1. Using modelled amide H (1.01 Å from N, peptide plane; none on Pro or chain starts), what sits under 5 Å from the amide H of Y4, excluding residues fewer than 5 places away?
2. Rounded to the nearest 0.05, what FRET efficiency do F55 and K94 give with R0 = 30 Å and r taken as the Cβ-Cβ distance? Could you check?
3. Suppose accessible area is computed on protein heavy atoms with a 1.4 Å probe; arrange D64, D87 from highest to lowest.
4. Between F10 and M38, what is 0.36 nm times their sequence separation minus the Cα-Cα distance? Round to one decimal in nm.
5. Hey, in the GNM for the chain with a 10 angstrom Cα cutoff, which one of L63, L32, L45 fluctuates hardest?
6. Please list, ordered by chain and number, the residues whose modelled amide H lies under 5 Å from the amide H of G82; skip anything fewer than 5 residues away on the same chain.
7. Based on Cβ point charges of +1 for Lys and Arg and -1 for Asp and Glu, what charge dipole magnitude is obtained for the chain about its Cα centre, in debye rounded to the nearest 20?
8. Using only Cα atoms, locate the centre of segment 32-87 and the centre of segment 1-29, then give the distance between them in Å, rounded to an integer.
Amino acid sequence: PFSYELRYNFPNPFNQKTHIRFSIGGKENVKLIIYDIMGQQVRSLINGESYSPGFHAVHWNGLDNDGQKVPSGMYIYRIKAGSFVADKKMLLLK
(Lines give C-alpha, C1' and ligand atoms only; values in the text may rest on other atoms or scores of the structure.)
Protein backbone atom coordinates (compact mmCIF):
# COMPACT_ATOMS: atom_id res chain seq x y z
CA PRO A 1 0.00 0.00 0.00
CA PHE A 2 1.14 3.53 -0.77
CA SER A 3 1.24 6.33 1.78
CA TYR A 4 0.73 10.07 1.39
CA GLU A 5 4.07 11.84 1.31
CA LEU A 6 5.64 14.98 -0.13
CA ARG A 7 9.38 14.56 -0.58
CA TYR A 8 12.10 17.20 -0.73
CA ASN A 9 12.80 18.50 -4.21
CA PHE A 10 16.02 17.48 -5.95
CA PRO A 11 18.36 19.18 -6.48
CA ASN A 12 17.96 21.71 -3.70
CA PRO A 13 19.22 24.40 -4.08
CA PHE A 14 18.62 24.38 -7.82
CA ASN A 15 19.39 26.60 -10.78
CA GLN A 16 17.41 25.70 -13.89
CA LYS A 17 15.16 22.77 -13.01
CA THR A 18 14.12 20.78 -9.97
CA HIS A 19 12.10 17.61 -9.46
CA ILE A 20 9.31 17.37 -6.88
CA ARG A 21 8.29 13.84 -5.91
CA PHE A 22 5.23 12.74 -3.99
CA SER A 23 3.19 9.64 -3.30
CA ILE A 24 -0.52 9.25 -2.65
CA GLY A 25 -2.40 6.34 -1.14
CA GLY A 26 -5.61 6.51 -3.15
CA LYS A 27 -7.07 8.03 -6.28
CA GLU A 28 -7.16 11.77 -5.55
CA ASN A 29 -7.53 15.14 -7.20
CA VAL A 30 -4.13 16.75 -6.63
CA LYS A 31 -3.00 20.37 -6.44
CA LEU A 32 0.69 21.26 -6.32
CA ILE A 33 1.33 24.98 -6.04
CA ILE A 34 4.53 27.00 -5.59
CA TYR A 35 4.50 30.16 -3.46
CA ASP A 36 7.11 32.83 -2.85
CA ILE A 37 8.28 33.49 0.70
CA MET A 38 5.60 36.20 1.07
CA GLY A 39 2.86 33.64 0.36
CA GLN A 40 2.00 34.84 -3.14
CA GLN A 41 1.23 32.08 -5.65
CA VAL A 42 3.99 31.81 -8.24
CA ARG A 43 3.14 28.69 -10.23
CA SER A 44 0.45 26.04 -10.29
CA LEU A 45 2.16 22.81 -11.37
CA ILE A 46 -0.87 20.55 -10.83
CA ASN A 47 -4.31 22.11 -10.67
CA GLY A 48 -6.82 19.50 -9.52
CA GLU A 49 -5.98 16.69 -11.93
CA SER A 50 -6.83 13.15 -10.89
CA TYR A 51 -3.89 10.93 -9.92
CA SER A 52 -3.91 7.22 -9.14
CA PRO A 53 -2.20 5.74 -6.08
CA GLY A 54 1.58 5.52 -6.27
CA PHE A 55 4.72 7.57 -6.71
CA HIS A 56 4.74 10.63 -8.97
CA ALA A 57 7.23 13.32 -10.01
CA VAL A 58 6.76 16.83 -11.39
CA HIS A 59 9.42 19.16 -12.76
CA TRP A 60 9.63 22.91 -12.22
CA ASN A 61 11.79 25.06 -14.48
CA GLY A 62 11.75 28.25 -12.40
CA LEU A 63 9.03 29.98 -14.43
CA ASP A 64 5.87 31.57 -13.06
CA ASN A 65 2.33 31.06 -14.42
CA ASP A 66 3.00 33.73 -17.09
CA GLY A 67 6.18 32.00 -18.34
CA GLN A 68 8.51 34.56 -16.76
CA LYS A 69 11.65 33.60 -14.84
CA VAL A 70 11.26 34.04 -11.10
CA PRO A 71 14.04 35.66 -9.06
CA SER A 72 16.48 33.77 -6.86
CA GLY A 73 15.17 33.06 -3.40
CA MET A 74 13.26 30.75 -1.12
CA TYR A 75 10.04 29.17 -2.39
CA ILE A 76 7.45 26.94 -0.74
CA TYR A 77 5.68 24.13 -2.54
CA ARG A 78 2.41 22.74 -1.20
CA ILE A 79 0.47 19.65 -2.14
CA LYS A 80 -3.19 18.99 -1.50
CA ALA A 81 -4.50 15.49 -2.24
CA GLY A 82 -7.84 14.75 -0.62
CA SER A 83 -7.42 15.61 3.06
CA PHE A 84 -3.60 15.35 2.84
CA VAL A 85 -1.78 18.70 2.88
CA ALA A 86 1.98 19.17 3.16
CA ASP A 87 4.57 21.77 2.24
CA LYS A 88 8.34 22.05 1.92
CA LYS A 89 10.88 24.77 1.16
CA MET A 90 13.26 25.01 -1.77
CA LEU A 91 15.96 27.45 -2.82
CA LEU A 92 16.42 28.81 -6.33
CA LEU A 93 19.91 30.18 -7.06
CA LYS A 94 20.89 31.87 -10.31
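The values are calculated or read from the model by the stated rules, or taken from the named source; none is laboratory data. Note that this is a predicted model, so its numbers are computed, not measured. Counting neighbours? That spans all protein chains shown, and the Cβs are built from the backbone with ideal geometry, glycine included. Ligands, DNA and RNA are stripped out before the accessible areas are found, and what is left, the full protein with its side chains, is counted by its heavy atoms. Shrake-Rupley method; radii C 1.70, N 1.55, O 1.52, S 1.80 Å.
1. Sorted by chain and number, the residues that satisfy this are G25.
2. After rounding to 0.05, the efficiency reads 0.50.
3. Values: D64 35, D87 75 Å².
Per-residue accessible area, sorted high to low, gives D87, D64.
4. Contour length minus the Cα-Cα distance gives 7.8 nm.
5. L63
6. Amide H neighbours of G82: N29.
7. Dipole of the chain, to the nearest 20 debye: 180 debye.
8. Measuring centre to centre over Cα atoms gives 10 Å.
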